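Below: the structure, in structure tokens.
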Amino acid sequence: MRGALLHAVGDDKLDIRDDITLTPVGPGDVRVRIRATGVCHSDLSVLTGVLPQPLPIIPGHEGAGEVAEVGEGVTALRPGDHVIINWTPACGDCPSCTVGQPNLCMTYMMKSFAEPRFRFGGDDTPAFGMAGCGTWAEEIIVPWQGAIKVDPDVPYEIAALIGCGVTTGVGAVLNTAKVRPGATVVVVGCGGVGLSVIQGARISGATTILAIDPLESKHELAKKLGATHACTPDQLPDAIGTLTGGQGFDHGFEAVGKSAAIMTAWQATRRGGDVIIVGAGAMDDQVPLTAFSLLFDGKNILSSLYGGGDVRRDFSLFAKLYKAGKLDLDSMISSRIKLGDLNEAVAALRGGEVLRQIVLFD
């Protein structure tokens, strides 16, 4: 089958090849034929080494497709089911799962670092899948918990978006921050995740939603999707004064994955408010907060990994919100491309202007 392979961090180009195979489907596994997959900033972070992964690797984690084969013992899924890929499968038994935090389960994530699911070349060289997925290939094998059934009337490209960006952003609002009607919200970063945060804030009934992005070209779409106001980072002090009387916002969401963006969210949030970390940053990117401000500003720093919820519930919820016209996911798709276009798509992602590019498989 075809897939896009990264041999080493920093490579200029992905190796798009057609000699990739899969390991056999084992007990508890499912083989999924990918129909659509997103080009997410986290994929770029794997290419640049910001998110460490075993190599060689097939990137891609935001995907949807059709079950092609199920392994021994799998009863929840059958061939032909439409599924959304869940890149943090919940084992159900670890401490994170048993206390109701399945998004923090590391059982299958850790296995993905030791068990390559792909092979390539004449000598069947092993290759890994990003976060145990590797949706930039035509087919993947995941634990059955990593494939969540979705109604077949949800388009694959929409289902793919729900698989990461939408769940990460909307979930941060509904599950982590629990934004209430009448609240004020600021969102730093208007990429796919940031726009999902904005939509979550609108759904929650926030009355003021400020979108911050240095690229003014992104402001119009942010307003279309729910932001009441938009500005560049240098315009933020004036916006805080105008929109909150200088007090700051109730909730500040960081959707970039950089310490500078976290500090922007911190500075924009009122005393006693919540600062929610949504973006995936680098291990060596330190956030310069003082011990004094951590205590006396009274602000709460909240981590929101994968939307802070349970995808077994949330994927279905977000699909229903889409079908009800409450979530505008079609507007978040910048372009629909083919697997062979991935190198150009990665270059466009580096440029920062695009939102979600979706690879559609024949």
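The values are calculated or read from the model by the stated rules, or taken from the named source; none is laboratory data. Every value quoted in this text rests on a predicted model; they were computed, and no experiment measured them. Here the Cβ positions follow ideal geometry from the backbone for every residue, glycine too, while neighbour counts run over all protein chains shown.
Before moving on, here are some points about what is shown:
- Among the conditions (1) assigned to a loop (DSSP other than H, G, I, E, B); (2) surrounded by fewer than 16 Cβ atoms within 10 Å (Cβ to Cβ); (3) more than 20 Å from the chain's Cα centre (by Cα); (4) of a type outside the set (S, T, N, Q), the only one that E115 does not satisfy is (2).
- Looking across segment 121-157, the residues that are closer than 19 Å to C105 by Cα and out of contact with any strand residue (DSSP E or B) (no Cβ under 9 Å at 6 or more places or on another chain) come down to A131, Q145.
- Being out of contact with any strand residue (DSSP E or B) (no Cβ under 8 Å at 6 or more places or on another chain) and not basic (K, R) holds for only one residue in A4, A90, A64, A76, and it is A90.
- On the stretch given as segment 175-206, residues that are surrounded by fewer than 18 Cβ atoms within 10 Å (Cβ to Cβ) and either within 12 Å of G252 (Cβ to Cβ) or among the β-branched types (V, I, T) (or both) total 1.
- For segment 78-90, the set of residues classified as assigned to a loop (DSSP other than H, G, I, E, B) and buried (at least 17 other Cβ atoms within 10 Å of the Cβ) consists of D81, N86, W87, T88, P89, A90, listed by residue number.
- Matching helices (runs of 4 or more DSSP H) fully within segment 224-327 where at least 1 residues are under 27 Å from S45 (Cβ atoms) and in contact (Cβ under 8 Å) with a residue 12 or more places away in the chain: 236-244, 259-268, 311-323
- Pick from segment 135-144, criterion touching a helix residue (DSSP H, G or I) at 6+ places or on another chain (Cβ under 8 Å) and either in the same structural domain as R202 (by TED's automatic domain parsing) or surrounded by fewer than 24 Cβ atoms within 10 Å (Cβ to Cβ) (or both), ranking: nearest to H7 (Cα to Cα): E138
- Residue in segment 272-293 that is modelled with pLDDT of 95 or more, of a type in the set (D, E, K, R), surrounded by 22 or more Cβ atoms within 10 Å (Cβ to Cβ) and more than 30 Å from Q357 (Cα to Cα) present: yes
- Yes/no for F315 being aromatic (F, W, Y), surrounded by fewer than 17 Cβ atoms within 10 Å (Cβ to Cβ) and not assigned by TED's automatic domain parsing to the domain that holds S42: no
- Here D12, D19, D43 are screened, and the one residue that is assigned by TED's automatic domain parsing to the domain that holds L349, at pLDDT below 95 and over 26 Å from P155 (Cα atoms) is D12.
- Residue within segment 330-350 that is crowded, with 17+ Cβ neighbours inside 10 Å, part of a loop (DSSP other than H, G, I, E, B) and at pLDDT 95 or above present: no
- Residues considered: I85, I148, I158, I162. Of these, the only one that is in contact (Cβ under 8 Å) with a residue 24 or more places away in the chain, β-branched (V, I, T) and within 19 Å of G3 (Cα to Cα) is I85.
- Qualifying residue in segment 18-38 (condition: touching an Asp or Glu at 6+ places or on another chain (Cβ under 6 Å), among the β-branched types (V, I, T) and part of a loop (DSSP other than H, G, I, E, B)): yes
- Within the set G132, G171, the sole residue that is within 23 Å of L210 (Cα to Cα) and touching a helix residue (DSSP H, G or I) at 6+ places or on another chain (Cβ under 6 Å) turns out to be G171.
- Against the criterion of being in contact with a Pro (Cβ under 8 Å, 6 or more places away or on another chain) and hydrophobic (A, V, I, L, M, F, W, C), L5 qualifies.
- Taking residues in segment 27-56 that are under 21 Å from L360 (Cβ atoms), and partners anywhere that are in a helix (DSSP H, G or I) and among the charged types (D, E, K, R), the pairs with Cβ atoms closer than 8 Å and at least 6 places apart or on different chains are A36/E157; L44/R350.
- So I209, is it surrounded by fewer than 24 Cβ atoms within 10 Å (Cβ to Cβ), at pLDDT 95 or above and either touching a Leu at 6+ places or on another chain (Cβ under 9 Å) or not in a helix (DSSP H, G or I) (or both): no
- Yes/no for T75 being over 27 Å from A282 (Cα atoms), among the β-branched types (V, I, T), touching a Gly at 6+ places or on another chain (Cβ under 9 Å) and surrounded by fewer than 19 Cβ atoms within 10 Å (Cβ to Cβ): no
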